[in-house]
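Here is the structure we will look at, set down as structure tokens.
The values are calculated or read from the model by the stated rules, or taken from the named source; none is laboratory data. All values reported here derive from a predicted model rather than from experimental measurement. Because the Cβ atoms are built from the backbone with ideal geometry, glycine has one as well, and the counts that use them run over all protein chains shown. Quick note on the areas: whole protein, heavy atoms, side chains included, nothing else; ligands and nucleic acids left out. Shrake-Rupley method; radii C 1.70, N 1.55, O 1.52, S 1.80 Å.
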Protein chains: 4
Amino acid sequence: MDMIIVMKSSATAEDEQSVVERIRELGLTPHPSRGEFRTIIGAIGQKTPQLQQQLEQLAGVDEVMAITQPYKLASREFHEADTILDIEGIRVGGPHVNIIAGPCAIESREVLFGVARAVKEAGASILRGGAFKPRTSPYSFSGMGKTGLEILKEAGEAYDMPTITEVVDPRDVDVVYQYADIFQIGARNMQNYNLLLEVGRTDKPVFIKRGLAASITELLMSAEYVLSQGNHRVILCERGIRTFADEVRFTLDVSAVPVIQERSHLPVFVDPSHAAGKRDLVPKLALAGIAAGAAGAIVEVHSCPDRALCDGPQAVLPNNFVTLMEQIKQIAEIVGHRVTLWGREEEQSRRPAVGGWAG
Amino acid sequence: MDMIIVMKSSATAEDEQSVVERIRELGLTPHPSRGEFRTIIGAIGQKTPQLQQQLEQLAGVDEVMAITQPYKLASREFHEADTILDIEGIRVGGPHVNIIAGPCAIESREVLFGVARAVKEAGASILRGGAFKPRTSPYSFSGMGKTGLEILKEAGEAYDMPTITEVVDPRDVDVVYQYADIFQIGARNMQNYNLLLEVGRTDKPVFIKRGLAASITELLMSAEYVLSQGNHRVILCERGIRTFADEVRFTLDVSAVPVIQERSHLPVFVDPSHAAGKRDLVPKLALAGIAAGAAGAIVEVHSCPDRALCDGPQAVLPNNFVTLMEQIKQIAEIVGHRVTLWGREEEQSRRPAVGGWAG
Amino acid sequence: MDMIIVMKSSATAEDEQSVVERIRELGLTPHPSRGEFRTIIGAIGQKTPQLQQQLEQLAGVDEVMAITQPYKLASREFHEADTILDIEGIRVGGPHVNIIAGPCAIESREVLFGVARAVKEAGASILRGGAFKPRTSPYSFSGMGKTGLEILKEAGEAYDMPTITEVVDPRDVDVVYQYADIFQIGARNMQNYNLLLEVGRTDKPVFIKRGLAASITELLMSAEYVLSQGNHRVILCERGIRTFADEVRFTLDVSAVPVIQERSHLPVFVDPSHAAGKRDLVPKLALAGIAAGAAGAIVEVHSCPDRALCDGPQAVLPNNFVTLMEQIKQIAEIVGHRVTLWGREEEQSRRPAVGGWAG
Amino acid sequence: MDMIIVMKSSATAEDEQSVVERIRELGLTPHPSRGEFRTIIGAIGQKTPQLQQQLEQLAGVDEVMAITQPYKLASREFHEADTILDIEGIRVGGPHVNIIAGPCAIESREVLFGVARAVKEAGASILRGGAFKPRTSPYSFSGMGKTGLEILKEAGEAYDMPTITEVVDPRDVDVVYQYADIFQIGARNMQNYNLLLEVGRTDKPVFIKRGLAASITELLMSAEYVLSQGNHRVILCERGIRTFADEVRFTLDVSAVPVIQERSHLPVFVDPSHAAGKRDLVPKLALAGIAAGAAGAIVEVHSCPDRALCDGPQAVLPNNFVTLMEQIKQIAEIVGHRVTLWGREEEQSRRPAVGGWAG
């Protein structure tokens, strides 16, 4: 997209329709986005001064802007306010801080239900659990697959939490769609473009982890793949980059949080668990991320990490998670945010409906 | 796999069968690999001294070894000699140096045929060309798809060169199999495990590029995904890693060549084009790779790089490629290798059939 | 040092003396360190079981331990409790959080006094300002030298703040010693060993910044250079490492804070200014560091950054520094620390004298 | 420097003098450099179009150019042809390839003389040996100091080889100057600016190793520190950068060789020994560097590496060094270079005196 067309607040549906049609006639692809007060229409393609002028003269058009970044729909230029998603009644982004918690892999009904209850009680709002696990070795446990998804869905319903799980294969998008509330795209798949296009064609939120050597621009371009398909519900996640520093598994790049927020309207989370690689460091990194302004954290919690089939050493114990939630809540407030506890916020009913183009 | 069972050269097919069955009874998974002179059987699973002793006593067994590396079938411990592949009559690996050349993306019949003729004449033995291009931006040219594959196959036949092309989606493995001779797994997909498993179930060679932040161990683990499915025809490629050094696109890690050769029996290539990102540096890096002992290089060549739809700035011009081939040939000889020119080697007929487990 | 000898709390000065002499006789170098309740003596050199046994039998010896880390005096094995320094009455380390603030370079009396007053009022406890500036270009402003030191000393006295300034040349150690309270060793000089030895021979605190490609172990080894000369007053500082991520100047490795704290007893600061490279990110990174448990932050503040002779773009404005100090104070409390405001802590008088070997 | 003034070949000494004086009057600093056919004068300072015009009108001035790079005297803009140094009769740079060899540290007269004889016989032209060794640990052997320098000088004289040794402290520049022919600035001291200034004030060649996280620009800026003091005899060295790749000690960035050559006229060497960290890889990396066009390599050779006091595992054995020299010689020829063997080149007498501003 080379231009975004900002419609006047007084523009009619017919005005919008005319602009969309005109964009098509000009050989560009229109991306309309209806916000509370006005509509914005993206126009992807070769921009020329003449085109811009032509579009500016159409009825209902307030302004036509060029977007200079390689990412378009993901950029702040396109959408100035923070995007706030509504995921099963839970607000994600803007001032809302959400903690996603659960085991790395779904291993059994007992373990998942136990962890789900614990993290829910501690204040987490979204439940995580992997059914399809990308593993470095072909000889490692790679998840329970569909059975795992069934258990996850049950646990989410039992504890009234939306669920998130990783999808690694475009062929699995349908089955994951049936069971989970949020698609997770792992770091290794951040540039698996066909997978991104596939989840971009659904209407469920997509949580994209930064690749371990991905620049911020590349992360936003991956978000653009999803956005370009019409799915505007994208969450980004800094999960640690690979550097020479080998004392931890990955180097959590906390500066990515404010840098992304400056460039994009999408919510940014941190993943302290994979960055740290060991339990003791997880709370420190989680707090650092929240202090830097992150919209949340995704934390691995396990009731019995020694027996975990995957990434046990980095799983936080439930009682430590309680302490962590308490500190997160306090730090979020200091930086002007507030934590969505247990999937509910009392003051939500008193505020107007969530604005934003993401609908 | 925790053990490899080396059969005596005198062992019979029945001996092999007995060992395979015994391995299964012991709760391990057998991986038989028949070489010219003897068979080697991998046994994945929990190894104990008792197990080792039991297996050593079976008829036809010469030796039972534990493999200490996380990668098993890819390790030198498992297969001591260099693997030499036979791809449509061309030898790859061991002392054979092959140059793969062609445009980044297949753009038209004219361009591809022109480049194919030029690189063939200069001495390249394998033709490259992308039909499915993973691009950072969803708005960039992403390849001609199946039409591109058809043109590639025609060009390969016209100039008597095996062809290599990238596959990015497990759903495309079948169609790529029909048209190309070698599957290329790009750096972004090095850990797309389902894709690796899918090409591992075919009988065509798989050329795996190192991910831009992948360790050598992780690269070998990705090879292991292919090998574990029974496809033993794997080639590895160092293509530059991402470092702080931003004067070039990626930092070609030439040391990866000897390091991989020390640990694995698989052929190792270098990709100077993606590492350099600009034409002038490509020959320097190609020569450095060959001097370090690489089994070949994959070089982007384009007759009209200014009009290339993808990665034009890094494409070498045909006449520069002629000079480069001449230097490669000489340097290969100095380090004890020789270049497979135009897909033929006169002395091949005089040497015994290629050994090696890869068949 | 291969061993540390922990003396009994009942050991006499004579016992200590005997042990020290015995260590010398055995061909090792003794490093006695007298704490509140007992003395610990390091013995550097080749350790053998016999030596250990011989030392254990001496009068007053409670325990003899080998130190496994390459850094000895810097390790937690050697000194289990957090080291708390007393710098002109200000406690640094342990639960105490100190903010060091001031301009990058000392440019004039007016600017420095203005900034000093502002940061003092906002709550900073230590004043920074560079007189010898290492600059990438030989044609850049490299500091006011001795004149700058004089101004710094005056400003420190005027606002009752200890001062810190960088020393880059072993020949300047004497002059810097005369004017400043803390030696700063910059990232570029972290492995300038002769400089480290020289400041190690003084009795003023040394603030060592991590080199931009230094591992934690290497940073602790640099501390060891200072400690080995008898100067036990060392502070460490994470200031951002060089990675592929070029959206910021350096990647602040917040995980370094808890990792160092696990391995060493020395206080750890963060430098958000050099990591960020731009003003807007500085508060975010400062808060992240404090949330991760840092003992303080060193922040560049300038009243008129547009006219700063060095690193203007990363200098925080005085009024933003006020807000930052307020947030730092609150976050420090949440993680169990407290900020040393204006160089004073009311409760200090009520607590016993600072323990710790650092005296 | 913002401008370089190229004098006409017909310009007289008086013309030059007038230009130099005019530059001074204009408030800039002149840097005259007399080549074979014409003189070039650098003018550092604020450049304006008027200044440029004024200078262009002076007698004997052919052209006035602005230099856009931050490094000036080091840039190809300033000096287009390769600089060729004459070090005790040995040509370094341009088409000349020199191999510097010797032990890491000078340990004894016997060892150094033995190694010197071996490397001389194999064809090395310059002798290396460390007397002041920067070591990560304060408890490691740090060199023999002045005694070592004496032995080095003797060995150089005995085997008719110029010598190179590291200097780590500005206070040691005088003593090193007395004994060695080339100052080596190690990677850790690449940005020890006072040290660079100090060696810049001498007339002996300075061999600067790239810092392990230094960009090419930063390396050239360090060269600029030396050049700016009037010492134009600088050699650069790529010695491996620190990346996530931990299979080798450092990642030899071979692309640095052509990148530096594009930007600067100074000779570029590679150090395969420190990059590899282990003996077996050293020849591979040395050949890669020479194939990429390096002006030489600095190789650690030790007759008894197991007993070496420093970096034994990466020292090549004398007999392997013979083979390596043979391969280097051949590869150098293929890429258009030739090796300076045993400090002599027959054809030198037949060629005209070395040109170049470095004189």
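Only strands (runs of 3 or more DSSP E) whose full extent lies in segment B:52-102 are considered here, and the ones with at least 2 residues that are within 30 Å of residue B:329 (Cα to Cα) are B:85-87, B:90-92, B:96-102. The residue that is nearest to residue B:296 (Cα to Cα), among those in segment B:343-359 that are crowded, with 17+ Cβ neighbours inside 10 Å and modelled with pLDDT of 50 or more, is B:343.
Does residue A:112 count as of a type in the set (A, V, I, L, M, F, W, C), in contact with a helix residue (DSSP H, G or I) (Cβ under 6 Å, 6 or more places away or on another chain) and either open to solvent by 40 Å² or more (accessible area, probe 1.4 Å) or under 30 Å from residue A:308 (Cβ atoms) (or both)? Yes. Taken together, the residues in segment B:171-183 that are touching a residue at least 24 places away in the same chain (Cβ under 8 Å) and either open to solvent by 10 Å² or more (accessible area, probe 1.4 Å) or aromatic (Phe, Trp, Tyr) (or both) amount to 7. Pairing residues of segment C:216-234 that are away from chain D (no Cβ under 11 Å) and part of a helix (DSSP H, G or I) with residues that are surrounded by fewer than 21 Cβ atoms within 10 Å (Cβ to Cβ) and modelled with pLDDT under 95, at Cβ distances under 6 Å and at least 6 apart in sequence or on separate chains, gives C:216/A:247.
Applying the condition of being in contact with a Pro (Cβ under 6 Å, 6 or more places away or on another chain) and open to solvent by less than 20 Å² (accessible area, probe 1.4 Å) to segment A:244-284 and asking which residue is farthest from the other protein chains (Cβ to nearest Cβ) yields A:282.
The residue pairs whose first member lies in segment C:38-52 and is closer than 18 Å to residue C:16 by Cβ, whose second member is open to solvent by 100 Å² or more (accessible area, probe 1.4 Å) and not in a loop (DSSP other than H, G, I, E, B), and whose beta carbons are closer than 9 Å, counting only pairs six or more residues apart or on different chains, are C:40/C:34.
Scoring residue A:117 on the criteria (1) closer than 28 Å to residue A:176 by Cα; (2) open to solvent by less than 60 Å² (accessible area, probe 1.4 Å); (3) touching a residue at least 40 places away in the same chain (Cβ under 8 Å) leaves a single failure, condition (2).
One residue stands out in segment D:177-199 among those that are within 15 Å of the chain's Cα centre (by Cα) and polar (S, T, N, Q): the one that is nearest to the other protein chains (Cβ to nearest Cβ), namely D:189. Among the residues making up segment A:69-99, those that are open to solvent by less than 40 Å² (accessible area, probe 1.4 Å) and polar (S, T, N, Q) are A:75, A:83, A:98. Just to be sure before I move on: is residue B:173 over 21 Å from residue B:89 (Cα atoms) and at the interface with another protein chain (Cβ under 10 Å from one of its Cβ atoms) in the structure I sent? The answer is no for residue B:173. Take the conditions open to solvent by 40 Å² or more (accessible area, probe 1.4 Å), over 22 Å from the mean Cα position of the chain (by Cα) and modelled with pLDDT under 85 and apply them to residue C:66. Does it pass? Answer is yes for this residue. If only one of D:142, D:137 is under 30 Å from residue C:2 (Cα atoms) and either among the aliphatic types (A, V, I, L, M) or open to solvent by less than 30 Å² (accessible area, probe 1.4 Å) (or both), which one is it? Checking each option against the conditions leaves just D:137. Scanning segment B:280-318 for residues that are over 22 Å from residue B:131 (Cα atoms) and not aliphatic (A, V, I, L, M) returns B:280, B:283, B:284, B:289, B:293, B:296. Here is a list of conditions, (1) farther than 11 Å from residue A:254 by Cα; (2) within 12 Å of chain A (Cβ to nearest Cβ); (3) without any contact (Cβ under 8 Å) to a residue 40 or more places away in the chain, and residue C:288 meets all of them except one; can you say which number that is? Only one criterion is unmet by residue C:288, namely (1).
Please determine whether any residue of segment C:296-311 is within 19 Å of the chain's Cα centre (by Cα) and facing chain A (nearest Cβ under 10 Å). For segment C:296-311, residues within 19 Å of the chain's Cα centre (by Cα) and facing chain A (nearest Cβ under 10 Å): absent. If the condition is being open to solvent by 10 Å² or more (accessible area, probe 1.4 Å) and in a loop (DSSP other than H, G, I, E, B), then segment A:184-210 contributes A:191, A:201, A:202, A:203, A:204. Evaluated against (1) at pLDDT 90 or above; (2) outside any helix (DSSP H, G or I); (3) hydroxyl-bearing (Ser, Thr, Tyr), residue A:33 falls short on exactly one condition, (1). Scanning segment B:108-141 for residues that are in contact with a strand residue (DSSP E or B) (Cβ under 7 Å, 6 or more places away or on another chain), in a loop (DSSP other than H, G, I, E, B) and under 30 Å from residue B:93 (Cβ atoms) returns B:123, B:124, B:125, B:129, B:131, B:132, B:133.
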